[in-house]
1. Being surrounded by 12 or more Cβ atoms within 10 Å (Cβ to Cβ) and at pLDDT 95 or above is true for just one of 89, 46, 66. Which residue is that?
2. Return the residues of the stretch 33-73 that are in contact with a helix residue (DSSP H, G or I) (Cβ under 8 Å, 6 or more places away or on another chain) and not in a helix (DSSP H, G or I); say none if nothing qualifies.
3. When you check residue 13 against the structure, is it on the phi < 0 side of the Ramachandran plot, surrounded by 14 or more Cβ atoms within 10 Å (Cβ to Cβ), modelled with pLDDT under 95 and under 22 Å from the mean Cα position of the chain (by Cα), yes or no?
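The values are calculated or read from the model by the stated rules, or taken from the named source; none is laboratory data. In this text, all values refer to a predicted model and were calculated from it rather than measured experimentally. Quick reminder, even Gly has a Cβ in these numbers, built from the backbone with ideal geometry, and neighbours come from all protein chains shown.
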């Protein structure tokens, strides 16, 4: 049975090599743990160890997903800043599709004050 270890800083690694765990390997290990628990063959002590390991792996995966989400958010912000620096506007903004009167008159069809 392969287990993972978590150091005091919260970093998860595989025993032996001290190699950092990837999201993909952690999620695969979670699936292994679930299969073992579902089999009903694990004893009480093994169940406790598996649940603890699974919890650490789920926390690790959640942290990885949050980091990726923050990275995507930064990319979207960088893209928006670049667009603004070029003077471009978002679709649907003034002058864009659906962004105001097509005629450019700015007034109702009959015109007030004429």
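1. Going through 89, 46, 66 in turn, the sole match is 46.
2. Once the filter is applied, which keeps residues that are in contact with a helix residue (DSSP H, G or I) (Cβ under 8 Å, 6 or more places away or on another chain) and not in a helix (DSSP H, G or I), the stretch 33-73 yields only 42.
3. Details: on the phi < 0 side of the Ramachandran plot: yes; surrounded by 14 or more Cβ atoms within 10 Å (Cβ to Cβ): yes; modelled with pLDDT under 95: yes; under 22 Å from the mean Cα position of the chain (by Cα): yes.
So residue 13 passes the test.
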